[in-house]
Amino acid sequence: MSLQPATQDLELLQRRVSAVMAHMNPVVVELGDVFAAAGHQLAIVGGPVRDALLGRVSNDLDFTTSASPDETQALLDTWGDAVWDIGKEFGTIGAKRFVKDGEDIVVEITTYRTDEYDPTSRKPLVAFGDNIEGDLSRRDFTVNAMAIRVPELEFVDPFNGLADLAAGFLRTPIEAEKSFDDDPLRMMRAARFTAQLGFDIEESAFAAIVAMASRIAIVSGERVRDELNKLLLSGDPVRGLTALVDSGLADHVLPELPGMKAASDEHNRHKDVYSHSMTVLQQAIDLETGPEGAVPGPDLLLRLAALLHDIGKPATRKFESNGTVSFHHHELVGAKMTARRLRELKYDKDTVKAVSRLVELHLRFHGYGDGAWTDSAVRRYVTDAGPLLERLHRLTRADCTTRNKNKARRLGAAYDSLEVRISELAAQEELDAIRPDLDGEQIMEILGIKPGRAVGGAYKFLMELRLDEGSIGPEAARERLVAWWAEHSQDFEGTRTYEN
Ligand code: ATP
Ligand code: MG
């Protein structure tokens, strides 16, 4: 991509700025009036401005203001229907204004920042500033450093974010080294935005990340994880992961990923394990379903498992005497490595367990061959996968990146047949679980008979009834049983009743 902004797009974006301001929600302008009347400045800032210019509308709005957190809270009390102060320590007060379902407006208003950072600490020190330019200069990227003042409806863009938005560049408002030194998480955010927005990291910012990547180590695992999640759940995770690996950030946050570049796959051909994993990730994403389906996308567990399924390969690689390469038990080693890495990144227990389970199970299907599994092997597969079965189906299918079309078709067909067997077994087991509304004891009691052929006959009648009409309840079943017995008791001549 050229460094020249695409001017045509720039003109279009400039028109969009006017349009966004012309269509500003009156409730938001009203909020601006509240602040102006109190002698304060207020502006929409960051994500919502960027997204509005990209044509994405959001009802969650971030603002920046000259008012102190206490003053903001007092002003929001007069405007909002609910106000919260959990972010007050960092200068943020939140509020919600009820409009109608789906159109309620949520605002978060933060006092102008002039954050000072302690280069040895994980947390920014909070200090409040008095002008919007200072606040914007401390933001991560120029495309996130644009604001719209309300009620004036004035566009504020001191760092030419609009031109970078048009060109698709992530550029820091101040010198990149200084910015990343202030908060190294911004380097992760750069990778995340490449994935979310499809943008490129501008050259000098990218060089700064390469030079400073190891500084990410001072950032808490939780903050890194949250950015990684946003990256993975974006429209193009492969792009974001590529940025992480190419910049060297991955060496510090997910070293197993670049680690896979070293190990070649079992065919020892063009594809290394790393690019295979990226392809599997993309194929798994393509197998996610809509909101009503079995695995609604974007699905974090499936995506993490697809990315990490082969991380055990480098450690288990062995050159066999016959000239081939093997990776024995890489799924078990990989499951352990996955758990360790995800714990390090502060993922919750359930996520760690689920993803490492999928990694552990990703090869099991390869024992299926051309359908050689017994029913019990199929049942065990289903039981071992438990609630992850639908994801395991997709992970296994995605884990086929051969260029050999026949081989791919064979594997796909074998998996189809496994899924058919799983549903046949499930259907059979559902049938097996069906019972008549009355059991043998109840039959004997109602008909006053002892164990024998007639109990079996009655049971069979009730079972037919159950299959034909579904469950009708014990009372109705008793009446039908008595009626049936009146007609059929003679068929069971010699049946002993309790009376005789
Ligand atoms: P999204 O909410 O979709 O994740 P966003 O751009 O709104 O994207 P947030 O993390 O919500 O991102 O942050 C809101 C704004 O705050 C950003 O647009 C950016 O201007 C600023 N910002 C957030 N985190 C940082 C940071 N670590 N350093 C500098 N500025 C930041
Ligand atoms: Mg946001």
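The values are calculated or read from the model by the stated rules, or taken from the named source; none is laboratory data. This structure is a prediction, so every number in the text was calculated from the model and none was measured. A quick note on method: Cβ atoms are made from the backbone with ideal geometry, for glycine too, and the neighbour counts reach across all protein chains shown.
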| If you scan the stretch 168-178, which residues turn out to be buried (at least 22 other Cβ atoms within 10 Å of the Cβ) and assigned to a helix (DSSP H, G or I)? | Ala176
| query | Which number in (1) buried (at least 16 other Cβ atoms within 10 Å of the Cβ); (2) in a helix (DSSP H, G or I); (3) not charged (D, E, K, R) marks the one condition that Gln428 misses? | reply | (1)
| task | For Ala339, state whether it is touching a residue at least 60 places away in the same chain (Cβ under 8 Å), assigned to a helix (DSSP H, G or I) and buried (at least 16 other Cβ atoms within 10 Å of the Cβ). | result | no
| remark: When the stretch 10-54 is checked residue by residue, the ones that are more than 16 Å from ligand 2 (Cβ to nearest atom), in contact (Cβ under 8 Å) with a residue 40 or more places away in the chain and in contact with a Ser or Thr (Cβ under 8 Å, 6 or more places away or on another chain) are Val34, Phe35, Gln41, Leu42
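Okay, residues lined up against (1) surrounded by fewer than 23 Cβ atoms within 10 Å (Cβ to Cβ); (2) free of Cβ contacts under 8 Å to residues at least 24 places away in the same chain; (3) under 30 Å from Arg343 (Cβ atoms); (4) out of contact with any Lys or Arg (no Cβ under 9 Å at 6 or more places or on another chain):
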| site | (1), (2), (3), (4) |
| --- | --- |
| Pro151 | yes, no, no, yes |
| Leu165 | no, no, no, no |
| Met188 | no, no, yes, no |
| Ile201 | no, no, yes, no |
| Ala205 | no, no, no, no |
| Ala217 | yes, no, yes, yes |
| Gly221 | yes, no, yes, no |
| Ser234 | yes, no, yes, no |
| Arg239 | yes, no, yes, yes |
| Filtering the stretch 78-99 down to residues that are out of contact with any strand residue (DSSP E or B) (no Cβ under 9 Å at 6 or more places or on another chain) and farther than 16 Å from Val28 by Cβ, which residue is surrounded by the fewest Cβ atoms within 10 Å (Cβ to Cβ)? | Glu89
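Take the residues in the stretch 170-186 that are more than 10 Å from ligand 1 (Cβ to nearest atom) and free of Cβ contacts under 8 Å to residues at least 40 places away in the same chain; name whichever of them is nearest to the chain's Cα centre (by Cα).
To start, the set of residues in the stretch 170-186 that are more than 10 Å from ligand 1 (Cβ to nearest atom) comprises 170-171, 174-178, 181.
Then keep just the ones that are free of Cβ contacts under 8 Å to residues at least 40 places away in the same chain; that gives 170-171, 174-178.
Numbers: Leu170: 24, Arg171: 27, Ile174: 32, Glu175: 33, Ala176: 30, Glu177: 31, Lys178: 32 Å.
Top of the filtered list is Leu170.
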| task | Looking only at the stretch 327-350, count how many residues are out of contact with any helix residue (DSSP H, G or I) (no Cβ under 8 Å at 6 or more places or on another chain) and either closer than 18 Å to Ser277 by Cβ or among the acidic types (Asp, Glu) (or both). | result | 3
| said: Need the failing condition index for Ser247 against (1) farther than 13 Å from Phe141 by Cα; (2) crowded, with 20+ Cβ neighbours inside 10 Å; (3) within 16 Å of ligand 1 (Cβ to nearest atom), just the number. | reply: (3)
| What about Val143, is it within 14 Å of ligand 1 (Cβ to nearest atom) and in the same structural domain as Lys88 (by TED's automatic domain parsing)? | yes
| field | Answer from Leu411, Leu465 - the residue that is of a type in the set (A, V, I, L, M), without any contact (Cβ under 8 Å) to a residue 40 or more places away in the chain and closer than 30 Å to Tyr274 by Cα | value | Leu411
| The listed residue being within 16 Å of ligand 2 (Cβ to nearest atom), assigned to a helix (DSSP H, G or I), more than 25 Å from Val280 (Cβ to Cβ) and not aliphatic (A, V, I, L, M), out of Arg223, Arg192 | Arg223
| Count - residues of the stretch 281-295 that are under 23 Å from Leu231 (Cβ atoms) and touching an Asp or Glu at 6+ places or on another chain (Cβ under 7 Å) | 2
| Residues of the stretch 64-77 satisfying the condition of being buried (at least 17 other Cβ atoms within 10 Å of the Cβ) and either away from ligand 2 (no atom under 16 Å from the Cβ) or of a type in the set (A, V, I, L, M, F, W, C) (or both) | Thr65, Ser66, Ala67, Pro69, Glu71, Thr72, Gln73, Leu75, Leu76
| Tell me, which residue of the stretch 31-63 that is away from ligand 1 (no atom under 16 Å from the Cβ) and in a loop (DSSP other than H, G, I, E, B) is surrounded by the fewest Cβ atoms within 10 Å (Cβ to Cβ)? | Gly39
| Residues (modelled with pLDDT of 90 or more and basic (Lys, Arg)) located in the stretch 76-115 | Lys88, Lys96, Arg97, Arg113
| task | Filter the stretch 78-89 down to residues that are within 16 Å of ligand 2 (Cβ to nearest atom) and of a type in the set (Gly, Ala, Ser), then give me how many there are. | result | 1
